[in-house]
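The values are calculated or read from the model by the stated rules, or taken from the named source; none is laboratory data. Remember, predicted model here, so these are calculated numbers, not experimental data. We place every Cβ from the backbone using ideal geometry, glycine too, and count neighbours over all the protein chains shown.
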Amino acid sequence: MSKRTEEARAREQLIDLAEEFYDQFAGGQIPEMTLPTRTKSNIEYDKDSGVWVYGDRTSTRSANSVRGARKLLKAVYTIEFLDQQLAEDRSSTLRELYYLSESWDNTEAHFSDQDESNQMIEDLEIVSDVTREDFHMRPEESGATLMGPLEIREQTRRGEREIHCQEDVGEGGYQIPNNPDTIEFLDNDIDFVLCVETGGMRDRLIENGFDEEYNCLVVHLKGQPARATRRIIKRLHDELELPVTVFCDGDPWSYRIYGSVAYGSIKSAHLSEYLATPEAEYIGIQPQDIVDYDLPTDPLADSDINALESELTDPRYQTDYWEEQIELQLDIGKKAEQQALAARGLDFVTETYLPERLDAMDVI
Amino acid sequence: MTSFQAELGADEGIAEELAKGQREISIAEFFEKNKHMLGFDSGARGLVTAVKEAVDNALDATEEAGFRPDIYVEIAEAGDYYKLVIEDNGPGITKEQLPKVFGKLLYGSRFHAREQSRGQQGIGISAAVLYSQLTSGKPAKITSRTQEADRAEYFELIIDTDTNEPEIRKSETTTWDRTHGTRIELEMEANMRARQQLHDYIKHTAVVNPHARIELREPGLDEPLKFERGTDQLPAETSEIRPHPHGVELGTLLKMLAATESYSISGFLQEEFTRVGKKTATKVLDAFRDRHYGRELSWPTPSLNVDIDAAITEAVSNKGAEATESFAGEIESVLTSRERTAHFELREIVDNVAESVAEEFGRTFGSTVRENAVAAVWAELTAFEPDAEDGRDHLTPAIYTLVDDATSTRKDDATIQALAERIARRLANSDGTQFRLTHDELSRLVAEAADATVEYDDVTVGETARENIIEALWDISRTVPDDAPKVRAIADSRDTASELLEAMRETNILAPPTDCLSPITSELVEAGLRKEYDADFYAAATRDADVHGGDPFIVEAGIAYGGELQSEGKVDLLRFANRVPLVYQQGACAITDVVKGIGWRNYRLDQPGGSGIPNGPAVIMIHVASTNVPFTSESKDALANIPAIEDEIELAIREAARELKSYLNKQRSLQKRQEKQDVLSRILPEMADKVAEVTGRSRPNIEGAMGKIMNNLCIDREIKNGTVTLTVENYSDRSESPEITEIVSVEPQDLNGAGSVVDLDGEWYVQWSPSVSAGEEAELTYTVGDDADFDITVEGIEAEKLTLNA
């Protein structure tokens, strides 16, 4: 699909939504907008695509209440803004939208915080079935990077650039653009993709030359991965048929990072098919590793325990593997960071831990 | 005095010395010392009290005569003094009575009457006369005209402070423009510092007397203050009631006993008291006899070691074998068939049997014989010779059964046996053989027996056990048939009278009748508030009558809220007793205490700290009507804290306050709805505009959506080719019946039947009251020519719930 038609479709969808409100008014109906409920109790596994998507439960934003009416008013203003932005072929960040609302003549339509404007864009994505990239809305740069034997062509606003993600970049690596669909994969020599949670570990792997030694593409997730990061991982897996592995800390928050890469996040479950890589595998740190390698640990905080228990009830983690690991962790009451491996020496992670784990996972 | 005391006995002349200093206290001195009690403690207050007394009298007089009160109050400056004039349209006072009514303290028709009235002691107006006379030296000037009289009587009088008798200075007939009524003019030392209280008093009087017209002129007013009638209905007439047996005190009872013409107590009770008929009198009399004479213990007929037949046969001589045998046998058979027998019952039995045997055998059994027989049988029944060898004891087993039943099962047999034996011994040793004891004597006897048992047998006999034993014994004791003492005898004996009073109080007697009370009624309480306070909401409650100390009373409460009432500060509390406003001493009044104790936040009024007088734009009024309102003092400013009355006050207030609460809740929800409507009616049009802009279409009509959101009733007008269609759509969840009136400038034709048209001078009133169920709609159509003007009004639905688009 060409860029033009994508944009045309986006505008059409937005106007359709406005017209729906119009017809509701004209028909003496209370305007309303129905959305899937975005909670963990309303996501379900889609067998066809192998990802988690929203279930049947919906919530309604209705003008029946003052709150609902304000939401819908903001929605209409946002629709107008997006429509205009697309017509002028410009783009803006989510944060810019929040500030921009301040300039709207109607004070009732101003967003009260950025969460609200972010949520509005997500709402519109869902009801119009258009991604925010096609609305020309982008997040702040997340700064996530790639490093490894991959050659790409990026369509930038300043023309095409061909980049080799090992040879043409500094130690920082290649920064993933906001819309990774502007990237074309040219050539690669990759055996597998290794996603790393923390910057410290990523730097350790690069310093030890792990990407060169094992022909792997190191993706720096920078914590909870941005959509662009998840999208490019998905594309690397789908288009280049590469195995994807995820290497995080050994705590409940890191399991959620893996979850959003592999299963999709609750907030963007409508895009799971486009963002999630169900085949991604978790390397560690596993609670089992804490035991096996006798890693230095911190005790679990109350919030950690709550998070673990909440994960046990999350349908995405209801697999034998995760239940076993989480229960083990609750049992030992400990967590460990990736860097804890340094207790065995700086090279331990690249020479012992990763090769052992990857071998066990049949990746190498 | 102590110095005299020290010398007492030393000098015989002391008593005489003291006697010289003792003399009758003149009424003026009494007044001077006690004027604070009567409400005349300052010039400011004296004026208010004088107005109050005069107006109360005027209202009582006019109402009693069945006139609608028309009262005129004037205060004017008169040199160094203030002149007070009060006029009423009452029946007037006869020439003979007039001087006494105004010129004698403690003269009145009310004091002895059990009937609701404003004045009671007969102090009020004469105290005002006395006050004016003492401060200004001027006589009271009184004009009065009775209905039949052609001319009015005019008096100038003062009170002789030594004798408490009126002294007439001037007496003449005069003309007066009122056809009947009384006018009193007083001059007194006073000031107007209590102007607010004066105004409050007059205004509050107008509130509780909506049937009265009152006018006030005073120097501070440019215009006279006029309070017009709110109703023509006079308060229900009250009837006097006799005292209730529960409400008299010993002194009163003695006085009544001395004064009555009744000979017997039963007659006295029925004659002099309310709610006492023959049956109640008998109950009181029984209770009185129990106290005066005591009851007689009754005893079972023993089955062993008893030979009634033989005892009687022995006691009777010379009556012939057959008759004697029949006499003895009959008595024995009667006794064995009875469960228990008291001494006086035995005598009755013997008398009866003697009569019947005498009839049968023609032998007379005289009183000596009968007495012998009674003594012989009684000795058998109640034989008690525990110290003799093989001696009989019929008392202990009889008491043992009672004690055993009355005490807990944990007591062992020996204890009960010992206790029963001690009681039996004490009974046997008591005076006489009849076992006649009052409740007090019985209690004392049981207590002694129990104490002895505790002491010698080292066991416990608790309070409950003792009480149970006493009650068990009292239960089997019989009220004796002795004639009650006559009225004269009781009147002479304070102790006996006190026994009678106790008996009266003990006996359950119906509450006194309430036709002696005249409540304002909740309708008129509300009307009175409506008349004097411009508020948004009114509620009133009248409780049923209750009794305190033999005096019936009724409490009423009213609440006004919102409107023009001042919203800052505390609510206004209006207190009334027998329709008289209580102006002073709010803090000392039981009514205030009750109001403070109520949690007003429950009723949606602001109450800092959760207690005390609440804040807000409200007036709370309480009226207590009684034949004897318990005031804290003679100045009648504050109600005493009587729990029974306080309870009723609280219930009355709460009843009215509940209505206030639901009103305020509704207001609040309507306000919320209004706020929601305000916000939505701003947001939704903007949304509609924006939607129209984005879609490039014209602005959609959003009334339907608005109506639905607000669950409103929507009324729309559509005009097509001269046909007008009014559509009523009900989006609420209940059925609505709006009353729609349209004024049309052209005559409407072809009305579709649901409405009606009235022609009024070239304007046509279309009236239509459809009943529309929830979710339904109704239509009215008619045709008009071109250029018709419409003016629609809708009633019968809150403005907040109506979306009018016509």
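Comparison of B:ALA705, B:ALA688, B:ALA692, B:ALA652 shows that the only residue that is away from chain A (no Cβ under 14 Å), of a type in the set (Gly, Ala, Ser) and on the phi < 0 side of the Ramachandran plot is B:ALA652.
Can we say A:ASP314 is farther than 23 Å from A:LYS222 by Cα and in contact (Cβ under 8 Å) with a residue 12 or more places away in the chain? Criteria met by A:ASP314. Checked against the criterion of being buried (at least 22 other Cβ atoms within 10 Å of the Cβ) and either at pLDDT below 90 or assigned to a strand (DSSP E or B) (or both), the candidates B:ILE158, B:ILE168, B:ILE142 yield just one match: B:ILE142.
Scanning segment A:58-90 for residues that are among the charged types (D, E, K, R) and in contact with a strand residue (DSSP E or B) (Cβ under 7 Å, 6 or more places away or on another chain) yields a total of 2. Just one residue in the set B:ASP733, B:ASP716 is closer than 26 Å to B:ASP678 by Cα, within 14 Å of another protein chain (Cβ to nearest Cβ) and loosely packed, with under 15 Cβ neighbours inside 10 Å; that residue is B:ASP733. Are any of the residues in segment A:315-328 in contact with a Pro (Cβ under 8 Å, 6 or more places away or on another chain), outside any helix (DSSP H, G or I) and crowded, with 16+ Cβ neighbours inside 10 Å? No, segment A:315-328 contains no residue that is in contact with a Pro (Cβ under 8 Å, 6 or more places away or on another chain), outside any helix (DSSP H, G or I) and crowded, with 16+ Cβ neighbours inside 10 Å. Only one of the numbered conditions (1) under 44 Å from the mean Cα position of the chain (by Cα); (2) modelled with pLDDT under 80; (3) among the hydrophobic types (A, V, I, L, M, F, W, C) is violated by B:VAL446, and that is (2). The residues of segment B:248-294 that are more than 23 Å from the chain's Cα centre (by Cα) and among the hydroxyl-bearing types (Ser, Thr, Tyr), listed by number, are B:THR260, B:SER262, B:TYR263, B:SER264, B:SER266, B:THR282, B:TYR293. Of the residues making up segment B:25-56, those that are more than 13 Å from B:LYS636 (Cα to Cα) and either polar (S, T, N, Q) or assigned to a loop (DSSP other than H, G, I, E, B) (or both) are B:ILE25, B:SER26, B:ASN34, B:ASP41, B:SER42.
Taken over segment B:679-692, the residue count meeting the criterion of being without any contact (Cβ under 8 Å) to a residue 12 or more places away in the chain and over 14 Å from A:ALA75 (Cβ atoms) is 4. Residues being surrounded by 17 or more Cβ atoms within 10 Å (Cβ to Cβ) and part of a strand (DSSP E or B): count how many of those fall in segment B:764-777. Adding up the residues that qualify gives 4.
Here B:GLU556 clears all of (1) under 17 Å from B:LEU660 (Cβ atoms); (2) buried (at least 22 other Cβ atoms within 10 Å of the Cβ); (3) touching an Asp or Glu at 6+ places or on another chain (Cβ under 7 Å) except the condition numbered (3). Per the listing A:ILE283, A:ILE364, A:ILE266, the residue uniquely of a type in the set (A, V, I, L, M) and either on the phi > 0 side of the Ramachandran plot or modelled with pLDDT of 90 or more (or both) is A:ILE283. Evaluating B:LEU346 against the criteria (1) in a helix (DSSP H, G or I); (2) touching a residue at least 24 places away in the same chain (Cβ under 8 Å); (3) closer than 28 Å to B:VAL487 by Cβ leaves one unmet condition, (3).
Say whether the condition of being free of Cβ contacts under 8 Å to residues at least 60 places away in the same chain, within 20 Å of the chain's Cα centre (by Cα) and part of a loop (DSSP other than H, G, I, E, B) is met by at least one residue in segment A:269-278.
Yes, segment A:269-278 has at least one match.
Condition first: in a loop (DSSP other than H, G, I, E, B) and basic (Lys, Arg). Now tell me which residues in segment A:246-268 satisfy that. A:LYS267, the sole residue that qualifies. Give, as residue ranges, the strands (runs of 3 or more DSSP E) completely inside segment A:2-118 that count at least 3 residues that are away from every other protein chain (no Cβ under 14 Å) and within 28 Å of the chain's Cα centre (by Cα). In segment A:2-118, the matching strands (runs of 3 or more DSSP E) lie at A:32-36, A:43-46, A:51-54. Scanning segment B:255-272 for residues that are in contact (Cβ under 8 Å) with a residue 40 or more places away in the chain and closer than 17 Å to B:GLY550 by Cα returns a single hit, B:LEU269. Taking the numbered list (1) in contact with a Lys or Arg (Cβ under 9 Å, 6 or more places away or on another chain); (2) more than 22 Å from B:ALA688 (Cβ to Cβ); (3) exposed (fewer than 14 other Cβ atoms within 10 Å of the Cβ) in turn, A:SER92 passes all entries but (3). Note on segment B:387-429: among residues that are surrounded by 15 or more Cβ atoms within 10 Å (Cβ to Cβ) and not in a helix (DSSP H, G or I), the one that is modelled with the lowest pLDDT is B:LYS411. Restricting the first member to segment B:497-511 and to residues that are more than 15 Å from B:HIS439 (Cβ to Cβ), and the second to residues that are at pLDDT 90 or above and among the aromatic types (Phe, Trp, Tyr), the beta-carbon pairs closer than 7 Å and six or more apart or on different chains are B:LEU500/B:PHE288. Scanning segment B:719-730 for residues that are out of contact with any Ser or Thr (no Cβ under 8 Å at 6 or more places or on another chain), β-branched (Val, Ile, Thr) and either more than 17 Å from B:THR781 (Cβ to Cβ) or surrounded by fewer than 21 Cβ atoms within 10 Å (Cβ to Cβ) (or both) yields a single hit, B:THR727.
Checking each residue in segment A:125-177 for being at pLDDT below 90, in contact with a helix residue (DSSP H, G or I) (Cβ under 8 Å, 6 or more places away or on another chain) and outside any loop (DSSP other than H, G, I, E, B) picks out A:GLU125, A:ILE126, A:VAL127, A:SER128, A:MET137, A:ARG138, A:GLN155, A:THR156.
Go through segment B:736-762 and count every residue that is under 22 Å from B:CYS714 (Cα atoms) and either modelled with pLDDT of 85 or more or assigned to a strand (DSSP E or B) (or both). Reasoning before the result, please.
So in segment B:736-762, the residues under 22 Å from B:CYS714 (Cα atoms) come out as B:736-744, B:751-756.
Next, only the ones that are either modelled with pLDDT of 85 or more or assigned to a strand (DSSP E or B) (or both) stay: B:736-744, B:756.
Number satisfying all stated conditions: 10.
Per the listing B:ARG579, B:ARG604, B:ARG575, the residue uniquely surrounded by 23 or more Cβ atoms within 10 Å (Cβ to Cβ), touching a Lys or Arg at 6+ places or on another chain (Cβ under 8 Å) and touching a residue at least 40 places away in the same chain (Cβ under 8 Å) is B:ARG579. For B:LEU726, the criteria (1) within 57 Å of the chain's Cα centre (by Cα); (2) in a strand (DSSP E or B); (3) more than 14 Å from every other protein chain (Cβ to nearest Cβ) hold in every case but one, which is (1).
Within segment B:665-673, one or more residues are buried (at least 16 other Cβ atoms within 10 Å of the Cβ) and within 14 Å of another protein chain (Cβ to nearest Cβ). Within segment B:460-488, residues that are in a helix (DSSP H, G or I) reach partners that are of a type in the set (Lys, Arg) with beta carbons closer than 9 Å, at six or more positions or on different chains, in the pairs B:ALA465/B:LYS411; B:TRP474/B:ARG295.
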